[in-house]
Every structure is written in C-alpha cells, then in structure tokens.
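The values are calculated or read from the model by the stated rules, or taken from the named source; none is laboratory data. A quick note: this is a predicted structure, and the numbers were derived from the prediction, not measured. Cβ atoms come from the backbone with ideal geometry, glycine included; neighbour counts cover every protein chain shown. Please note that ligands, DNA and RNA were not included when accessible areas were found on the heavy atoms of the full protein model with its side chains. Shrake-Rupley method; radii C 1.70, N 1.55, O 1.52, S 1.80 Å.
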Amino acid sequence: MTISRRVFVKSGGLALFSFGLDPLFLARAAFAVRPSARPPDRRILVCLFQRGAVDGLNMIVPHGDPIYYQERPRIAVPEQDVLDLDGYFGLHPRLAALKPLWDAKTLAAIHAIGSPDATRSHFDAQDYMESGTPGVKATPDGWLNRYCQHDREHQDTPFRAVAFGPQLPRILAGTAPSLAIDDLRAFGIRAPRPAARDRLTRAFEELYAGSATGLLSTSSREAFEAVQMLKRLDPGQYRPANGADYPRGRLGKALLEIAQLIKADVGLQVAFADVTGWDTHVNQGATEGQLAGRLGELGQALAAFTRDLGEWMRDVVVLTMSEFGRTVRENGSSGTDHGHATAMLVLGGPVNGGRVLGKWPGLNPAQRFEGRDVAVTTDFRDLFAELLARHLGARDLSAVFPGFSPDPARFPGALSA
Amino acid sequence: MRHLSRQLCERFVNDDPPDGCVDDAVAAWKRSSGDIREVLRAIFHGPDFWAAENVRAKVKTPLEFVVSAARAVAAEPDTSPRLAQVVARLGEPLFLHVAPDGYPERETAWVNSGALLDRMNAAVALAAGKLQGVTVALDSIVSAGDVDQMIGVVNERILGGTMSENTKQVLRRELAGISDPVQARALAVGLAIGGPEFQRQ
C-alpha cells in the first residue's frame, strides 16, 4: 500500500495554503478596519519558564521599601541603580532594554504571584505550575496542552503548540499535538544532499504511515507535516527584522525561532521555552553579578524579539513564569534561598502595560509567608486563565484548570479590555 | 507494595497494566516476603505478559533504543562517552534526570515528533557507520547482495521477524534504485532501525 502525499496531507488536516500571502494580507486589512475584531486564531501566547525560581525582588525591585534594603545588605540593587517604574517598584538595571516597552505600556509585571501550594521543592513547584494543578501530583497533562485539547476553534496545525528544546515539557504534555523543536534548521531527516534527504524523508514517512500504531503514528504524522512546512520556510535563510539583535545562547535562539514561526504564519498559537540559571543560592550579585547576567540576557532577548516582530507584536503576548520566588532576606552566602511568591512579566500589544499588577502584601515579617517569603496574593492560575480567556479566547477554563474556578473578578488585569 | 508492583508491571507489561498482573505481583510479594525474583517471576509467567494486547505494546526509551540498535548491528562501542551522548540527544541523559523519581516508563514521555525524527537520524547514521562512539560491523549481520535476501535477513536479525508488509514494500522500492549493494544494505538497516517496528520493545 502506498499513500500519496495528497492523501497523507489531507488525512493530517494540514492547511498548506496558509503559507500563501493572501490570508496574512486579508487579516491585516481586517485589523486595519476593526482592530478589536482580530480573529482569535491569530493570537499567540509565548511562555518562558524561568527554571530554578527567579528572585522576583531583584527583578522587579521594591526600592521604595526600606525593609528590602535592610534585609539585603549585600545583594539589594542600590536605589540609584534601579530604573524606577512607579515610585515604589523599579526594574533591575540590566533589564534596561525593557524600559521603553514599559513606557509604551506594552509591558506589565505581576508581583506577589505564585502557587497556593507551600512547597519549596523546585521539582514539585515546577510540576504544579506546568500541570496547572497545585498540590495534585497525578495530573497527567499540562495546562497548555489541555487548553489546546479543549479550544477547538483554533485549527490544529503541526505548529500550533511548539516547545523549543530537546524534550517536550510537562506543560505541553498531553493528547493535543505538540512539537518539541531543538533547532529549527536541523528539524527533519538529515542527509548530505537535498535529493537524498527528500528520498529518506519520504521512505520514513511511508514506513510510519503504513505500519505505525498509536502514539508512534500520530507523532510521526505530525513530524512529517512539520518537516514539509519547514522545508518551504527555509529557516536557514532567516534574518531578524529592524536590526533586532538577539543575545547569544539558548534563549535568544529560541525567541528568534519563535519569531520566525510567527512571521511564517504556520498556525503557531502557543510557544514555550525554558530559561535556566535562576537558582541563585550563592553570590547572587546586585547591580552586577550572576543574576544580573541572567536578567541582562532575558531583557535583551525580549527586546530583540519585540523589535524583530514589529507589527506582529499586536497579536502576541509573552509571559514569563517561575516556580516560586526567593527569601526576602539574603543568606550567609550572599544569595537567596527558596521562597514563595515571585514576579512575572507580560509583554505584547494586548497587554495593559506600564503598571505593576497584583496586590502587594508588603515585606514586613508579619506580612510574609511563614515569616520569611513574599506572600502569594495572586494565584498563578488567575493570570494564566486571564491570558487564555481574554487573549486566546478560551471558553472552558474549568477544563484547563480542573478543581479551580477561574473568576474574572480575580484576574490581575494583565490585558487591555 | 502495590505501588511498586504496579511500577514493575508498567515497566515490563504495559504502560497501563491490567489489574490482574499487578494482583499477581502483589500476591507473590506477600508470599515471598518481598523477594523481587518471585515478584518478577509472577509477572513474567502471568497470562497478561504474553497477552496479544501487551506484546510489543511498549515503546523503547532512548536508552533501550540506542542499546538495542547498537546490538542489532553488532556495533562495538569505544571507551568514550560519545554513544551515551547520543542517548542524551535523544532525550535521556544518563543519570541526569532532574527530578528524584527516575526516568518515566510511559511512551508519552518519549514519543514526540522531534524525538522520532532524531531516532530516524540516529538510525541512518548508525547504519552508515557514522554514529559517534561505535564501530559497526554490518558484514556480520547481513551480507550485501540481493535485495529480497537482504530484506529477509534484516527482518530476521534486526526486527525479530516483525517486519510489516508495508515496510517490506517500501524497502524493496527504495533499495531497487540503488546499484551499490553496500549502500543499499546501509539504507535497509537504517530504515529498519529508524522505522516503526523497531521502536517497540
């Protein structure tokens, strides 16, 4: 039995015409007339996971609070270095590249956000933040995947949900198709010559189409659909627009590839990437140092991404998340230990920016969680739910966050109405 | 006890093992006061172990894939960590699982489109003798020669006789266009190891 590409492609529900210029052009024309009527299937959510628990207090600095300086004699960001945002909070100076976005009201921070679960284990807390079910270990899938399962209005394309990294993260695990791409240019069958590559690709495609069952069958079909689309995309030729300068390293590369897929209009709706290096127990640094270096890369990468995407950013929201925050008080090694609430950033055209959102609990020991950490005043699910509902147009949030009743009254207000 | 028995059944029988084999394992555990040999014996001799729905139900982990592939082509690993790096590239860096619960047994943890493509690439490289860290001796497995004969040997020696009709047809067609028998053999072996049959235990 041979399966022609036509049958194969059709059975995969792949809309190749979305490569053409027409849909994009039409969409843009539509936006120009009715900017509020953007079709929900063009909106994109990019999630960055700061693994290791970012110190929210040195990212979005409460420089207006003397307790911050009392508790952190060696690692507080000095008042004169903080980029003030609202008189009380300020950006870490190495996030300077984000200040113009703040001023343009496309960047907001949510402070004192986190999990209702008290765990200070990276593993458990990341697991809960990705499963979307704090305290429940048995949840088999991730909340981004459940969103894709339940929101059927957006078309499944091979690139609907993509994680940039070698493995599919927990947040995208589940029955909805999702891709893990470590390197867009190397994604596919490798062979020295294009003719040999095409031939091998076709042979494998037919092997799997004819004999694979279960997950091997669906995953291979997704793989070959994606390979076909990427072949047309020619990712090796991509040049960032508007002089965008992505920092070297995994994050810059991931965001560059996300930007590329967004512009290629291949149906990307949910993108995910990891940013590591936030577990700053020792010599965290202040204006300069370990954390400053990580924040510098993050700020540069996000600024480059925004610049590169230009007009496309009106449909894009970038969300940073991290499993928990860090202790208010510095430790004996000039670092900080595992804490509770942290800060998250939302960036993009639809964002209600230029403000620090969330109820600030204060840094007094009496106001802290267990006397040591920033208390959680915003359940992370309220922010995630707001983005899914108001940005991506999700309707059934109870299916995405089982055991939780998202209430618009508790949404932090990250998006413009 | 029940938890561990279930995990053993997930490891050896099915990602979602039937209650029967878990019960058998638990009973053997009780009988033998936790002798793991008895528990495993109960699993391997139980009716579920060879039940049609459980045979070749499990997908190989990256480690199992690389080890079985290297064995299938009589590959000789060198003393460098390079072959282990292949396992890492396929998603299972050895002894480096982040969480303290060990690498998962379920196929959903290992099978995704990117990972499958990586396996196909590793298979082709291995068959061509270009996979880092191993020296391949295809001659000892299948001699280069007649196409049908090579496909038959690949089926027997590499796929344990599980090669589907579809796979045979695809191999026949792909090999027909290649005049160099050594190249044709490498292609047959690469497609077989990267193909769907070889991904299952």
>> Just to confirm the number: angle between the C-alpha axis of helix B:19-32 and the first principal axis of chain B, 0 to 90 degrees, nearest 10?
In response: 60
>> Once you keep just the Cα pairs under 8 angstrom separated by 6 or more residues, what percentage relative contact order results for segment B:2-45?
In response: 37
>> What percent of all Cα-Cα pairs in chain B falls into each 10 Å bin, going from 0 up to the bin containing the maximum distance?
In response: 9, 30, 30, 22, 9, 2, 0
>> For segment A:288-364, what does the relative contact order come out to in percent, with C-alpha contacts under 8 Å and a separation of six or more?
In response: 28
>> Give me the one-decimal nm value for the distance between modelled label points at A:Gln70 and B:Lys130, 7 Å along each residue's Cα-to-Cβ direction.
In response: 6.6
>> I need to check one value: relative contact order of chain A, counting alpha carbon pairs closer than 8 Å and at least 6 residues apart, in percent.
In response: 29
> If you average 1/r over all unlike Cα pairs in chain A and invert the result, what Kirkwood radius do you get in angstrom?
Replying inline: 22.2
> What is the spin-label model distance, in nm, from B:Ile178 to A:Val136 if the labels are put 7 Å beyond Cα along the C-beta direction?
Replying inline: 5.0
> Going by alpha carbons, how many degrees (0 to 90, nearest 10) lie between the helix axis of A:194-211 and the longest principal axis of chain A?
Replying inline: 90
>> Need one number: % antiparallel among DSSP beta bridges in chain A, to the nearest 5.
In response: 40
> Can you give the charge dipole size of the protein assembly as shown about its Cα centre, rounded to the nearest 20 debye, using +1 on the beta carbon of Lys and Arg and -1 on the beta carbon of Asp and Glu?
Replying inline: 1120
> Roughly how many percent of the accessible protein surface of chain A is carbon and sulfur, given a 1.4 Å probe and a whole-percent answer?
Replying inline: 53
> Which listed residue (B:Trp50, B:Val73, A:Leu345) has the Cα farthest towards the positive end of the charge dipole for the protein assembly as shown, taking +1 on Lys and Arg C-beta and -1 on Asp and Glu C-beta about the Cα centre?
Replying inline: B:Val73
> Let a ≥ b ≥ c be the square roots of the eigenvalues of the Cα gyration tensor of segment A:284-337; is it rounded (a/c under 1.5), or, if not, prolate (a/b larger than b/c) or oblate?
Replying inline: oblate
>> With angles folded into 0 to 90 degrees, how steeply does helix A:22-33 sit against the dominant principal axis of chain A? Use alpha carbons for both and round to 10.
In response: 40
>> Students often get this wrong: which residues of segment A:257-295 have the backbone nitrogen under 11 Å from the point 7 angstrom along Cα-to-C-beta of A:Asn331?
In response: A:279-284
>> Using a loss threshold of 40 Å², tell me which positions in segment A:160-175 are less accessible in the complex than in their chain alone. Probe radius 1.4 Å, ligands and nucleic acids ignored.
In response: A:Gln167
> How high is the FRET efficiency between A:His150 and A:Thr213 when r is their beta carbon distance and R₀ equals 25 Å, given to the nearest 0.05?
Replying inline: 0.45
> Which one of B:Ala188, B:Ala115, B:Ala69 has the biggest mean-square fluctuation once chain B is modelled by GNM with Cα springs under 10 Å?
Replying inline: B:Ala115
>> Taking 25 °C and 0.890 mPa s as the conditions, I'd like the Stokes-Einstein D for segment A:202-255 in µm²/s, using the Kirkwood hydrodynamic radius from alpha carbon pairs.
In response: 179
>> Would segment B:2-45 count as rounded, prolate or oblate if I go by the C-alpha gyration tensor, calling it rounded below 1.5 in a/c and otherwise prolate when a/b exceeds b/c, oblate otherwise?
In response: prolate
>> Looking at chain A as a GNM with Cα springs under 10 Å, which of A:Pro140, A:Pro247, A:Pro158 has the largest mean-square fluctuation?
In response: A:Pro140
> What accessible area, summed over both chains, is buried at the B-A interface (1.4 Å probe, Å², nearest 100)?
Replying inline: 2900
>> For a quick check, take a GNM of chain A with Cα springs below 10 Å and name the residue from A:Pro78, A:Pro62, A:Pro192 with the largest mean-square fluctuation.
In response: A:Pro192
>> Given R₀ = 30 Å, what would the calculated FRET efficiency be for B:Ala27 paired with B:Gln85, taking r from the Cβ atoms and rounding to 0.05?
In response: 0.10
> Residues of segment B:2-45: accessible area per residue at 1.4 Å, in Å²?
Replying inline: 57
> What's the FRET efficiency of B:His45 with A:Glu288 using the Cβ-Cβ distance as r and R₀ = 51 Å, to the nearest 0.05?
Replying inline: 0.20
> Given +1 on the Cβ of Lys and Arg, -1 on the Cβ of Asp and Glu, and no further charges, what dipole in debye does chain B carry about its Cα centre, rounded to the nearest 20?
Replying inline: 220
